[in-house]
Amino acid sequence: MLELKKIVLGKLYTNCYILGDTESKEAFVIDAPAHGDKINDYVRELGWSVKAIILTHGHFDHILGVSRLVELTGAPVYIHEAEAELVNDKSFNLTAYFIADVPEIKAEKKLCDGEILTLGENEIKVINTPGHTVGGICLLFGDNLISGDTLFENSVGKIDHPTGDMALEIKSIKEKLLTLPDETKVFPGHGAETTIGRERKENMFLV
């Protein structure tokens, strides 16, 4: 069985999710916004081990803790194939515009749209949702969606940065996310949880 935990880290209050399999005790860390030590300690408190670090996209507020977490766990980094090289570009990851130092990230696995990841006997589907960034992804497991910075409660991801494209983002959301059942729970990269049904009816960017 899968369990999802959340801790909020960094100056932009980014959600770090830990998705663990209660039988195998393996876990995916989804985004490492800062404080790799804290993330590692929390995973260990849960009695899990980090199988991989999955990045929903390559902006600095989602990756500042990656290097330290890799150092502590030896876990590989997964990111969409379109951002495997871009993640280290200072304009793309936005460190050129903010005071932040991000050690180089080596993507050991390059994800593609529709790819199925496994955690124990559970399957997690990778959904590429370009718009906020070219290689942004969401992760679907059961009736749960980790949406990165693509879809938020009553909002969508900003596009005023390299590879951002509002028309493409709305297309991604409508064609790949709003096709999911209304009861699908959405866990965004920042802020509170929501549901697909609520966003379909109330999100001003989507109506």
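The values are calculated or read from the model by the stated rules, or taken from the named source; none is laboratory data. Model, not experiment: these values are computed from the prediction. Please note: Cβ atoms are built from the backbone with ideal geometry, for glycine as well, and neighbour counts cover all protein chains shown. Just so you know, the surface numbers come from the protein's heavy atoms only, side chains and all, with ligands and any DNA or RNA stripped out. Shrake-Rupley method; radii C 1.70, N 1.55, O 1.52, S 1.80 Å.
Results, tabulated for the structure shown:
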{"item": "Per-pair calculated FRET efficiency, R0 = 41 Å: LYS11 and CYS112 via Cβ, rounded to 0.05", "result": "0.80"}
{"item": "Within region 166-199: backbone nitrogen closer than 16 Å to the ASP143 label point (7 Å, Cα to C-beta)", "result": "179-187, 194-199"}
{"item": "Anisotropy class of region 115-207 from Cα gyration tensor, a/c 1.5 cut", "result": "oblate"}
{"item": "Cα centroid separation - region 78-133 against region 4-56, whole Å", "result": "16"}
{"item": "Cleavage-rule hits, GluC sites (Glu not before Pro), region 100-179, DSSP coil, Cβ neighbours within 10 Å at most 14", "result": "GLU104, GLU108, GLU121"}
{"item": "Within the accessible area of the chain (1.4 Å probe), percent carbon and sulfur", "result": "51"}
{"item": "Isotropically averaged projected area of region 1-75, using the convex hull of Cα atoms (one quarter of hull area), nm²", "result": "4.2"}
{"item": "Straight-distance crosslink candidates among lysines, where the alpha carbon sits under 23 Å from LYS106 and sequence neighbours closer than 8 are dropped", "result": "LYS38, LYS51, LYS90, LYS125"}
{"item": "Reach of LYS201 by Cα under 14 Å, taken over aspartates and glutamates that are not fewer than 8 positions away in the same chain", "result": "GLU153, ASP182, GLU183"}
{"item": "In region 77-174, the chymotrypsin sites (Phe, Trp or Tyr not before Pro) that fall in loop regions by DSSP, at most 14 other Cβ within 10 Å", "result": "TYR97, PHE98"}
{"item": "Accessible area (Å², per residue) of the chain, counting only protein heavy atoms and a probe of 1.4 Å", "result": "45"}
